[in-house]
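> Got a structure here, written out as structure tokens. Questions coming.
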Amino acid sequence: MRGCGLAGIGVALLASIAAVVPLSSLARGQDAAPEVRMEASAAVVTWGDAIRFTGTVSSPEAPECHAGVEVMLEMDAHDDRTHWTEVARARTDENGAFVADVRAEEPANYRMTTVPEEGSGCDAGVAAGGEVMVRFKVTLERSSLVVDKGEEVRLTVRVEPFCPVGGPSFDVRKIPLYELRGERFVRVAAKRDANDCTVTFTRKVRGLSVFMSKVRDNEELNARHLGGRSAEVAVTVRN
């Protein structure tokens, strides 16, 4: 009789625990953190472009910890992995897959963390996505594609997000212009910007001319942006 009484107490105690903590969580033990994997669409992007992070959350023994789970994308632009800031959220599909897009503005380390619902019995899983570097965005626009021989063309260069120091041969906040001479580009002009990282050059065109602009890495300002280069722009003479 006494043995039956102890058995009854044990069943009642187990039922009480199950009412508070899911039995699936007890079966998994204390550590129910899922495995999280993530990768970026590119290791180096141009300022303003989109970065896509894709990955999976996996917990074979506990589907509720990976299917339909909220995930949080964080970035640390201080290069010490201690200043994490949330930049996006997403939710996994039934297979634990997720996708998150962010706009590239500064070089940073990224990580993805699961955000389990309260009472789910799931712990948070974390995946480090590594570092994504960002190039300066350099754009070059021409006032005209075709001009009369000897006519001037206006070439406008803009650097984003800010004007870098271009290296020891460049003055601070001067933006250069290059022209194709033979098989290589030669620096033909440089201008100091008017505090908005935009300058306009005027050049006379006597034949087919090809121009471009570029800036170097920004180590002198203790920033981690990489050098950027504009697309090549051609200007031709009207027949």
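> Convex hull volume of the Cα atoms in region 70-116, per residue, in Å³? List each step's numbers first, then the result.
Values: hull volume 3.3 nm³, N = 47.
Once divided by residue count, the hull of region 70-116 is 69 Å³.
> Sort region 49-196 into rounded, prolate or oblate with this rule: let a ≥ b ≥ c be the square roots of the eigenvalues of the Cα gyration tensor; rounded if a/c is under 1.5, and if a/c is not under 1.5, prolate when a/b is larger than b/c, oblate otherwise. The partial results should precede the final answer.
On the way: a/c = 4.02, a/b = 2.80, b/c = 1.44.
The shape class here is prolate.
> While we're looking at this one, here's another question. Amide H neighbours of Gly96 under 5 Å, counting only residues 5+ apart in sequence or on other chains, H built in-plane at 1.01 Å?
Those qualifying (amide H under 5 Å, at least 5 residues apart or on another chain) are Gly68.
> Asp148: net charge of surrounding residues, Cβ under 11 Å, Lys/Arg +1, Asp/Glu -1, itself excluded?
Details: positive: Lys149, Lys204, Arg206, Arg238; negative: Glu151, Glu152.
Overall, the nearby charge balance is +2.
> Counting Lys +1, Arg +1, Asp -1, Glu -1, what net charge surrounds Leu73 among other residues with beta carbon under 10 Å of its beta carbon?
On the way: positive: Arg89, Arg111; negative: Glu74, Glu86, Asp101.
Net charge around Leu73: -1.
> Output wanted: per-residue J couplings in Hz (rounded whole) for region 123-137, from phi through Karplus 6.51 cos²θ - 1.76 cosθ + 1.60, θ = phi - 60°, x for Gly and Pro.
Values, residue by residue: 8, 7, x, 10, 10, 8, x, x, 9, 10, 8, 10, 8, 4, 8 Hz.
> Given a 1.4 Å probe and the protein chains all in place, what does the accessible area of Arg187 round to, in Å² to the nearest 10?
About 100 Å², rounded to the nearest 10.
The values are calculated or read from the model by the stated rules, or taken from the named source; none is laboratory data. Just so it is clear, the model here is predicted, and its values are computed rather than measured. Heads up, the Cβs are rebuilt from the backbone with ideal geometry, glycines too, and the neighbour counts pull from every protein chain shown. Please note that ligands, DNA and RNA were not included when accessible areas were found on the heavy atoms of the full protein model with its side chains. Shrake-Rupley method; radii C 1.70, N 1.55, O 1.52, S 1.80 Å.
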